[in-house]
Amino acid sequence: MNNIIDRYRELTEADKTKVIISSAMAEARKIIPGGNVATYIPELGNVDPNQLGICLFPLTGEKICMGDYNKRFTIQSVSKVIALILALEVCGAKRVFEKTGAEPSGEAFNSLVELDRENSRPYNPLINSGAIAIASELVKEISFYDLLRFTRVICDDPEININEDVFKSEISTCSRNRAIAYLLESKGLITSDVDDTLNFYTKCCSMDVTAESLANLGRILANDGVFKETGDRIMTSSTARIVKTLMLTCGMYDGSGTFAIQVGIPAKSGVGGGLLAVSDKRAGIGVFGPALDEKGNSIAGINLLRNISNKLRLNLFYDPEWNEDE
Ligand code: GLN
């Protein structure tokens with residue numbers, strides 16, 4: 001026993017982090033059977049639910065990747081972060097927040113109930129209604145190809161493309177998003193062509209990324225919008241701050257509050273099983289685990305982040321006096 005403890009003490013910080021992540025992976029794998037892959041987009045129903053991967057990329061130190069960290073999956077709602085960054089940069093915060101609010105919704109990600117009230121707007125840009133409103137502004141300014149190129153840069157992943165099968169599957173079955181778009185149009189919140197807007201939005205969701213690409217993106221957000229190695233600023237400080245704040249309060253849909261208590265860092269989920277998390281000033285984290293909980297968030301991914309956040313003390317409100325197991 002002492003031998004093992006002595007050997008643990010001799011490990012480098014990076015090795016200790018690897019030990020923590022690999023034991024958290026083993027724990028998280030056990031709960032995969034409690035979740036299901038999304039099937040409302042038929043093509044996503046063909047994904048193997050047992051996959052799990054993570055990449056943690058600290059601002060200083062080596063990138064740590066495990067499991068299915070380099071498997072491609074569709075980014076889905078994590079793309080709402082990228083569209084929001086671009087909208088803030090290209091259209092400006094004033095225009096963005098004329099179209100959507102900045103409050104948690106407490107409703108499912110694809111809810112349209114709030115849109116039926118007079119003078120209402122989507123609660124925030126990280127749910128479907130808000131992201132569709134954002135897409136309708138972006139199509140006036142940029143092409144989808146511009147957004148794809150930006151995504152390749154910010155994710156440091158030139159291989160990102162559209163998964164055509166998933167795109168076709170979603171665009172031919174997206175009655176709910178179509179209903180949202182027409183409601184938004186009826187309220188004057190969409191002034192672009194509805195089909196162009198839905199095509200743009202759905203293409204954003206169909207980009208195929210890896211957990212590693214998401215970690216690269218998270219690391220730029222963690223570093224105030226600056227690419228560490230070159231010093232290139234990818235977005236303004238104000239954009240980085242707005243995006244991280246909305247991720248913290250609204251990034252996990254109607255599971256955002258519980259996630260904030262349990263994990264305590266900004267994050268964004270997608271029904272493809274992706275999770276983007278940001279440990280501010282410390283690391284970007286990408287996770288892939290396609291089995292989802294009832295709110296549409298990766299079931300094993302949340303468990304993994306919860307364990308890692310506790311063990312690596314990532315929670316924004318971490319207090320050294322706390323008992324980790326409480
Ligand atoms: N493309 C999906 C949709 O519009 C994205 C939803 C999600 O990832 N939560 O329903």
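Structure notes:
- Which numbered condition residue 254 misses (of (1) at pLDDT 95 or above; (2) of a type in the set (D, E, K, R); (3) within 16 Å of the ligand (Cβ to nearest atom)): (1)
- Comparison of 314, 275, 304 shows that the only residue that is away from the ligand (no atom under 16 Å from the Cβ), hydrophobic (A, V, I, L, M, F, W, C), outside any helix (DSSP H, G or I) and in contact with a strand residue (DSSP E or B) (Cβ under 8 Å, 6 or more places away or on another chain) is 314.
- When residue 257 is tested against (1) in contact (Cβ under 8 Å) with a residue 12 or more places away in the chain; (2) over 22 Å from residue 67 (Cα atoms); (3) outside any helix (DSSP H, G or I), exactly one condition is not met: (3).
- From the list 245, 249, 236, 197, the lone residue that is under 25 Å from residue 101 (Cα atoms), crowded, with 24+ Cβ neighbours inside 10 Å and out of contact with any strand residue (DSSP E or B) (no Cβ under 9 Å at 6 or more places or on another chain) is 197.
- Test result for residue 77, of a type outside the set (A, V, I, L, M, F, W, C), at pLDDT 95 or above, part of a helix (DSSP H, G or I) and within 16 Å of the ligand (Cβ to nearest atom): yes
Here's the yes/no breakdown for (1) touching a helix residue (DSSP H, G or I) at 6+ places or on another chain (Cβ under 6 Å); (2) β-branched (Val, Ile, Thr); (3) at pLDDT 95 or above:
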{"residue": "245", "(1), (2), (3)": "no, yes, yes"}
{"residue": "276", "(1), (2), (3)": "yes, no, yes"}
{"residue": "290", "(1), (2), (3)": "no, no, yes"}
{"residue": "314", "(1), (2), (3)": "no, no, yes"}
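- Among the conditions (1) under 22 Å from residue 218 (Cα atoms); (2) among the basic types (Lys, Arg); (3) buried (at least 19 other Cβ atoms within 10 Å of the Cβ), the only one that residue 63 does not satisfy is (3).
- Among residues of the stretch 82-113 being within 16 Å of the ligand (Cβ to nearest atom) and farther than 13 Å from residue 253 by Cα, the one that is surrounded by the fewest Cβ atoms within 10 Å (Cβ to Cβ) is 113.
The values are calculated or read from the model by the stated rules, or taken from the named source; none is laboratory data. These numbers come from a predicted model, not from an experiment. With ideal geometry, Cβ positions are generated from the backbone for all residues, glycine too; neighbour counts draw on all protein chains shown.
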